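Here is the structure we will look at, set down as structure tokens.
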Amino acid sequence: MEKIIIEGGHRLEGQLPISGAKNAALPLMCAGLLAKDGLTLHNLPHLADIRTLASLLIELGSNISYEEEGWDIGSGQTVTIAAPTIKSTTAPYDMVRKMRASILVLGPLLAREGEAIVSLPGGCAIGNRPIDLHLKAFEAIGATIELKDGYVRASGKLTGGTVHFPIVSVGATENILMAACLAQGVTIIENAAKEPEITDLAHCLIAMGAKISGIGTARLEVTGVRDLHAAEYTVMPDRIEAGSYAAAAAMTGGELELIGDHLEAGLAGSLDILKQAGLTFTETDRGLIARLGTDRIIGINAVTQPYPGFPTDMQAQLMAMMTLCDGASVITETIFENRFMHVPELSRMGADITVNGSTATIRGIKRLLGAPVMATDLRASMSLVLAGLAAEGITEVNRIYHLDRGYERLVQKLEACGAKISRVRSDGV
């Protein structure tokens, strides 16, 4: 086991490259199952989730080749996923349990082979995330679904149809979008998720020969084609990573140039809240400069919502930032019911936070104090790192394997901008 040690109180300054988005890269990798000729993805981040999904794709019959794009801390990797034949349509429990995004192989397998057997997924313990929306969508376009022994068994020839999601679901939208590309008819997806990662997936599928209209709206129309072909595509920058490091700049009284294409557009939901909190963003030819434009962080009211609202994946980081606000802040979580697990750990560092159901009230304090803390999920992990960067004294963040799932080369990036941070072996739990 390893842990991160942070000596807080050091101002962050410099250029910080934003990696390819994990939440975009994972569905793009699954899309590689749809084409026999191969999909080449550039700017794929070095993350545990990427390696986990690559292992699953190999299990299903994909050939995967890697080409490094350099070894500086901002470089991604180029990966080619070729699946000339599918040797297995079963995604086993031992692999799928490690990562919820594994359910995204269901749509491509079903569309290409007419069947898919996928274990019910795992992932971060942040609340109940049922996949019934995925399954009802597949039934709406011609699939037969059976749940047995902890597996989803989907079969049938996809004929297209109308899918109406009662609530917005990013994963379900991605799954049905990929499957619809090879359906025999036209598929209408109503109340589709509009996240930038959905747009990224749609543009990649079009590069592979798919016919999709309505991109960026809540109504997608997909006309099925017989085959998809080889393509190259570059993964978008990670908007959650960018927002996280913007918070780091504010909390340490620093200034960071976040380097990545079209960051301002991707940050849409986060940007408004961060600006309300006193951050300023200056566009450069390479990205955005983030800094705090006021003497202290300003208290805000924030509610997590589907895009273009404030993202649930930034909620924990925002809360860490609000522990230092002038006055009080209120954050309401509407997406996941168990996503305040970072609160007790932040409280160990002196934060004044009260939780009432899905709402947290944060009363700002002048300083946090370093302490041993334990990460509970991916975004909670980052909130503790942010708190440690701003705290007085030493913070030890344990169970950092969560961070490895979503933040590429975090220690190296922060260290290059002035943080006193290291990763060491731990004998603890």
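The values are calculated or read from the model by the stated rules, or taken from the named source; none is laboratory data. Please read these numbers as outputs of a predicted model, since none were measured by experiment. Glycine also receives a Cβ, built like all others from the backbone with ideal geometry; neighbour counts cover every protein chain displayed.
Numbers at a glance
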item	result
Sole exception among (1) within 30 Å of G8 (Cα to Cα); (2) part of a strand (DSSP E or B); (3) of a type in the set (S, T, N, Q) for T162, by number	(1)
Residues that are surrounded by fewer than 16 Cβ atoms within 10 Å (Cβ to Cβ) and out of contact with any strand residue (DSSP E or B) (no Cβ under 9 Å at 6 or more places or on another chain), drawn from region 220-248	R226
Subset of region 294-334 [part of a loop (DSSP other than H, G, I, E, B), under 22 Å from the mean Cα position of the chain (by Cα) and without any contact (Cβ under 8 Å) to a residue 40 or more places away in the chain]	Q305, E333, T334
Residue that is in the same structural domain as L201 (by TED's automatic domain parsing), modelled with pLDDT under 95, within 23 Å of A25 (Cα to Cα) and hydrophobic (A, V, I, L, M, F, W, C), where the choices are L177, L110, L120, L106	L120
Flag if L386 is closer than 20 Å to I240 by Cα, in contact with a Cys (Cβ under 6 Å, 6 or more places away or on another chain) and of a type outside the set (D, E, K, R)	no
Residue match in region 178-189 (condition: surrounded by 23 or more Cβ atoms within 10 Å (Cβ to Cβ), touching a Gly at 6+ places or on another chain (Cβ under 9 Å) and closer than 22 Å to G20 by Cα)	yes
Odd one out for I215 among (1) free of Cβ contacts under 8 Å to residues at least 24 places away in the same chain; (2) over 24 Å from L158 (Cα atoms)	(2)
Filter result (hydrophobic (A, V, I, L, M, F, W, C) and either outside the structural domain of R112 (by TED's automatic domain parsing) or closer than 22 Å to L228 by Cα (or both)) within region 151-162	A154, L158
In region 325-341, the residues that are within 18 Å of A250 (Cα to Cα) and either in contact with a His (Cβ under 8 Å, 6 or more places away or on another chain) or surrounded by fewer than 23 Cβ atoms within 10 Å (Cβ to Cβ) (or both)	C325, D326, G327, A328
Filter pass, T217 being farther than 18 Å from L109 by Cα and among the β-branched types (V, I, T)	yes
Region 346-382, subset assigned to a helix (DSSP H, G or I) and free of Cβ contacts under 8 Å to residues at least 40 places away in the same chain, residue surrounded by the most Cβ atoms within 10 Å (Cβ to Cβ)	S381
Flag if G266 is in contact with a helix residue (DSSP H, G or I) (Cβ under 8 Å, 6 or more places away or on another chain) and free of Cβ contacts under 8 Å to residues at least 24 places away in the same chain	no
Residues of region 383-396 that turn out to be crowded, with 23+ Cβ neighbours inside 10 Å and not hydroxyl-bearing (S, T, Y), as a count	8
Pairs, first hydrophobic (A, V, I, L, M, F, W, C) in region 95-123, second modelled with pLDDT under 80, C-beta under 6 Å, six or more apart	V96/P121; M99/G123; I103/P121
Listing of helices (runs of 4 or more DSSP H) fully contained in region 182-287 that carry 1 or more residues being more than 25 Å from Q317 (Cβ to Cβ)	196-207
Helices (runs of 4 or more DSSP H) contained in region 5-101 and holding at least 3 residues buried (at least 17 other Cβ atoms within 10 Å of the Cβ) and either touching a Gly at 6+ places or on another chain (Cβ under 6 Å) or polar (S, T, N, Q) (or both)	none
Filter result (within 19 Å of E333 (Cα to Cα) and touching a Ser or Thr at 6+ places or on another chain (Cβ under 6 Å)) within region 376-395	M382
Residue list for region 335-345, filter: in a loop (DSSP other than H, G, I, E, B) and over 18 Å from A247 (Cβ atoms)	I335, F336, E337, N338, M341
Filter result (surrounded by fewer than 19 Cβ atoms within 10 Å (Cβ to Cβ) and closer than 15 Å to A218 by Cβ) within region 151-164	T162, H164
